[in-house]
Each structure stands twice: as C-alpha cells, then as structure tokens.
Amino acid sequence: MSGEAGTDTRQTERLAPDPAGCARAVELWRRGGLVAFPTETVYGLGADAGNGRAVARIFAAKGRPRFNPLIVHVPDIVAACRLAVFSPVAERLAEAFWPGPMSLVLPRRPGAPVCDLVSAGLDSLALRVPAHDVAHALLEAFGGPVAAPSANPSGRISPTTAAHVLDGLDGRIDAVIDGGACTVGLESSVLAAAEDHVVILRPGAVTAEDIRRVTGLAARIAHAQDGAAPASPGRLASHYAPRAELLIASADPPPLAVHVGFGAVAGEPGLNLSPSGDLTEAAANLFAMLREADARAGLRAGLIAVSPIPETGLGVAINDRLRRAAAPRS
Ligand code: TXA
Ligand code: MG
C-alpha cells in the first residue's frame, strides 16, 4: 500500500502532469510514498527528505548503496538558504543558474529539516532548484525539501521518460508523473562551491566555462582518485551501464556493433545522437539512444560503438557518462 514501508511490490500509479496528478503525488509524499517526477535533466525518484523511513525506501527501491547521498530539491533560492550556508561564490552561482541543471554541495545548516540518511552522514547537502513547470508545482505544493536521485535502479542508465522509469522501477514505487521527455537529458552538474574555488564533482549542462563567466574562477573537475577533492561518493567508476559492452570514441566501429553516431557518419548508423553535430541535441538523446542501442545489441553481438564526441562544453559531461558506461563492471 502507498506510504507504508516494508512492501516491495505495489501498484505503481501513472499520474498526469496536471493539478489532479500533482495533488495525488503530494498526498503520496506526505504519507511517506515514492513518486517519480520529471525535471529538465532526468526523472527523479522523490520522497519527503524529512522522513527517514521514506528516504530509506528510496535506497531500497533503487538498490542504492547507503554511502551515496541524495540531492535535495526545493522550489527556489529562499527555500535553499533555509537548508544550507551559501558562500558568496555559491550565491552567485545560484542566482545565475537556478532554476536549472545545477546542484550545489554546501554546508548543512544546523536544524535543517532533512534526515541524516539523505546526506549519508556527511555534514553537507547537495541542493537543486529544477527548471521544470511540473517539478516546480510539486515542490511548491509540498512545501518541504524533496530528496530525489535519478529514478533508475542503481548503476543503470538514468531515465529521460516516464516509460524509462517504469522499465526499471514498476511495482517498486508508488507513482510516476508522466511529463514527457526531459529536455537536457543529462543529470545536473554537481558543484562544491567554497569561498574561493569551485570543484565540479559531476560534469553537466552548467560547464566550467559557465562557472568562469559568472565567478571568474577556473573550476576543477574532480576525479575519483583525487584525494584533495571533497568527498563525492557517487562517482563510482562503473555507472550508467547498459547490458552490452560499450566502445567509446569509436571512429571505425566493428561491423557487428550497434553504431551510435555523432555528426556526419560514413555508412549508415542506425542511431545518431545528432546528425548535425550539436552537443545539446546529443545530450538530450544520449540515454534514450543508449537504451535503444542496448536492446538492439542484445539481439546481435552484444556490442555498442559510439562515435567520438568533442571534449568541449556539454561534450565533457557526455564523455563523462560514456566513460562510466564503458567502465569495467564491479
Ligand atoms: O539532475 C539531477 O541531479 C537528478 C535530478 C532528479 O535532480 N538527480 C540525480 O541524483 O542525478 P543522483 O542521486 O542520481 O546523483 C546525485 C549525485 C551523486 O553523485 C551523489 O554522490 C552526489 O550527487 N551528492 C549528493 N549529495 C552530496 C554531498 N552532500 N556531497 C557530495 N556529493 C553529493
Ligand atoms: Mg543517478
């Protein structure tokens, strides 16, 4: 039943992105339920961030390791400031990029109404204000912080449609709001913004160039083995994994591979992230096309080959996801 912990199998309600659907979602959140909802990046699996049992159910439904903290979603900067302490640099980033595809890791305010499980015991919180009408309406109506990781089983490809959510989590969550396809298509940039420097814990649509423009600071991309970087527990090497083996930066794909092209491609690739070589379009298509390629590869050699993507702008985030998808599985 909705809102009760301990049950693994339940009916997942399909909700419309209208006032009635949003009211039902909020009702489920109030009862400790799990509701997947659209944002401009990917679909999130939301629960009341102040309810420890509800948050525990997120980890259970996803099979997510408990050391990997969740992003807390709020409707605006004012709500974010109640939960965490902003440095002047963090303030500038929030004003420039919220609502939008950016999460800020900040020191948690004492007494913030977010349960410890959300931040996996860290004394920081990752906060985000999504730029999506439905997400915004939900967060306003709920009136409290909502913890929401991407709405996929842990380690698998993030969902950019409600159908993707149901592929992975049908029967394990209370409801999904179908708001159509996500426009950005990659998870938010996760930034640790201190007084005088910014570290990119996860690259996304807010890029190092964007950060420099707004703060004047050269942001550094954290690497897993980077001891000096703030803890970024979610950056496991193998992530976003399709079932098939993935070859990246493949200019000359093996004949049996399912080819995912980018830009003008010789021969006839079945799938192309962006025939015109547009990185924004490629990001929006990436996860859906990896899923489609995975389904086709299952019927063939079990091999996917993706064309080279330039390591500039949004290409940095696309290549980050592709490298993880290609990493050896643990
Ligand atoms: O676009 C997004 O960010 C989506 C939508 C739903 O908002 N959410 C998402 O959540 O991608 P998730 O759980 O899949 O990724 C959250 C990332 C993880 O890499 C996690 O380790 C990191 O954020 N994170 C969360 N809290 C953190 C913290 N306090 N310190 C460092 N990293 C944190
Ligand atoms: Mg995720």
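Taken together, the values in this text are just the output of simple stated rules run on the coordinates, not laboratory data. Owing to the predicted nature of the structure, the values given are computational and were not obtained by experimental measurement. Cβ sites come from the backbone with ideal geometry, for glycine too, and all protein chains shown count toward neighbours.
Once label points are set 7 Å from the Cα along Cα→Cβ at both residue 96 and residue 196, what is their separation, rounded to one decimal in nm?
Result for the modelled spin labels: 1.9 nm.
Evaluate the charge dipole of the chain about its Cα centre and quote only its size in Debye, nearest 20, assuming +1 on the Cβ of each Lys and Arg and -1 on the Cβ of each Asp and Glu.
Result for the chain is approximately 880 debye, rounded to the nearest 20.
Quick check on packing: order 46-58, 121-133 by the mean number of other C-beta atoms within 10 Å, highest mean leading.
Numbers: 46-58: 22.6, 121-133: 20.5.
Ranked from most to least packed, the peptides come out as 46-58, 121-133.
Ranking 173, 77, 200 by Cβ neighbours within 10 Å, fewest first, what do you get?
77, 200, 173
Explain nothing, just compute: Karplus ³J(HN,Hα) = 6.51 cos²θ - 1.76 cosθ + 1.60, θ = phi - 60°, for every residue of the range 157-174 in order, whole Hz, x for Gly and Pro.
5, 5, x, 10, 9, 5, 4, 4, 4, 5, 3, x, 10, 4, x, 10, 10, 6
Among 43, 240, rank each residue by its count of other Cβ atoms within 10 Å, from fewest to most, as a rough exposure measure.
Going from sparsest to densest Cβ surroundings: 240, 43.
Extending each Cα 7 Å along its Cβ direction at residue 218 and residue 140, get the distance between those two points in nm, one decimal.
4.3 nm
Return the FRET efficiency for the residue pair residue 300, residue 251: r is the Cβ-Cβ distance, R0 is 25 Å, and the value is rounded to the nearest 0.05.
According to the calculation, E is roughly 0.80.
Around residue 51, under 10 Å between beta carbons, what's the net of Lys plus Arg minus Asp minus Glu among the other residues?
Local net charge: +3.
What net charge do the residues around residue 167 carry, taking every other residue with its C-beta under 14 Å from that of residue 167, with Lys and Arg at +1 and Asp and Glu at -1?
+2
Sorted by mean Cβ packing within 10 Å, highest first, what order do the peptides 143-155, 90-102 take?
143-155, 90-102
Within the chain, what percent of beta bridges assigned by DSSP are antiparallel, to the nearest 5?
Percent antiparallel among DSSP bridges in the chain is about 45.
If I model a spin label as a point 7 Å beyond the Cα along the Cα-Cβ vector, how far apart are those points for residue 116 and residue 312 in nm?
So the two model labels end up 4.9 nm from each other.
If you look at just the Cα atoms of the chain, how large are its Rg and its Dmax in Å?
Expressed in Å, the Cα Rg and Dmax of the chain come to 19.2, 60.
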